[in-house]
1. List the number of the failed condition for V251; all other conditions in (1) in contact with a Leu (Cβ under 7 Å, 6 or more places away or on another chain); (2) under 22 Å from D186 (Cβ atoms); (3) among the β-branched types (V, I, T) hold.
2. Could you list, in sequence order, the residues of region 316-326 that are farther than 10 Å from A249 by Cα and over 18 Å from the mean Cα position of the chain (by Cα)?
3. Being more than 18 Å from the chain's Cα centre (by Cα) and buried (at least 24 other Cβ atoms within 10 Å of the Cβ) is the requirement here; does R166 meet it?
4. Based on this model, can you work out whether S250 counts as touching a Phe, Trp or Tyr at 6+ places or on another chain (Cβ under 8 Å) and of a type outside the set (A, V, I, L, M)?
5. In region 100-152, how many residues are in contact with a His (Cβ under 6 Å, 6 or more places away or on another chain), among the aromatic types (F, W, Y) and in a strand (DSSP E or B)?
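Rule-based calculations on the coordinates, nothing more; no lab input. All figures in this text were calculated on a predicted structure; none of them were measured in a lab. Note: ideal-geometry Cβ built from the backbone for every residue, glycine included; neighbour counts use all protein chains shown.
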Amino acid sequence: MRRGLVAIAATTLLLTACSGETGSDDDAAPSPEAAATSSSTPPGTQETEPAEPVEPVEPAQPAEPPGPAVPAVSVPGLAEQEHRGDRLRLGAVREETASFTSYDVTYRSTSTTRRGEESYTISGVLNVPKGRGPFPAVVLAHGYIDPAVYVRGQGMTRERGYLADRGYIALHVDYRNHAESDDDPDFQVRMRMGYSADVINAVKALRNAPDVPVAKRRIAMFGRSMGGGVVLKALVAEPGLVRAAAPWASVSSLEAQNFEQFQADDPSDSRDTDELARRHGLPDEAPAFWRQNSSRPYFDRITEPVLMVHGRFDDTCPPPWATATHRALRAAGVDSTLQWYDDGHAFGPAFFAAMDRTIEFFRANGV
């Protein structure tokens, strides 16, 4: 962990948003003691009885100023939590092919916060290759689908099958408030930070699962669209958890940009927008809050290599977002690569090439 949470919270207030134009993946900007002494006095040489000793008076030390409090609803707040994932249970078989078996699964996602312990049962889909294993694994974080219509395993079915065909265990996380997962009534006003907690805990649940032949130290994260943002926050919150991560067609690493793009003018989000405004303030009213809920200010905590994959014709998550995030990752010292394809947000013609590139990246990093 490169910096303590207190330093992170203090740094947040100094950060300004950055943006970039689409460029090559080599574009990057460089990022940027108390000693205790003691003295002794030689003993006196007088043969008379010494005077009663007097305790030396230590000079008063100024009290250390308290560090800034870490906001509970923030990326540093997520990093401050203790996360535990366990009780991964295999349910019904969804599909069986020549190369893998697909199961409905649930696991427990627990986080210890200032409010106490919060625990949710999270549903998902697990593809397990045929054979004895152990197999490397990838935890999948899907993009935005209205929770009211979302069904189990939706959003990354192609990726899940492609990975399992090539020898990877693939765990698709539904997130809280989706499919058969438990509901968190405050998930929106808590900036959906629980999604990243669920992904962190999915990795831990896989490692703790006795019935899944997973290579415990060979796990990666893979997120699409909103899921790319979920993965970036998970990397910040728990450095060293996985070996590598691949955000595809990711949302912005600055939450104010995501709000303006997806929520500000959407009538269906008006109730959530009104509640966000009441509780926290909107981006133009409370810029510090929105920076604290963005991953970009804290990229210097990330220890894993990152492969960003983006379509040049993406009209949902604009290509300049990918360039700006990549440059910020590089400036923070992260091993980041940005791979462009002539495709849109959903990846049609370039899907297979992009998947092969992603698997090559995972293997190169021990997954």
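1. (1)
2. Within region 316-326, P320, T323 qualify.
3. no
4. In short, yes.
5. Residues in region 100-152 being in contact with a His (Cβ under 6 Å, 6 or more places away or on another chain), among the aromatic types (F, W, Y) and in a strand (DSSP E or B): 0 in total.
Residues are listed down the side, and each one gets a yes or a no for (1) farther than 20 Å from G77 by Cα; (2) polar (S, T, N, Q):
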site	(1), (2)
Q257	yes, yes
F299	no, no
I302	no, no
A324	yes, no
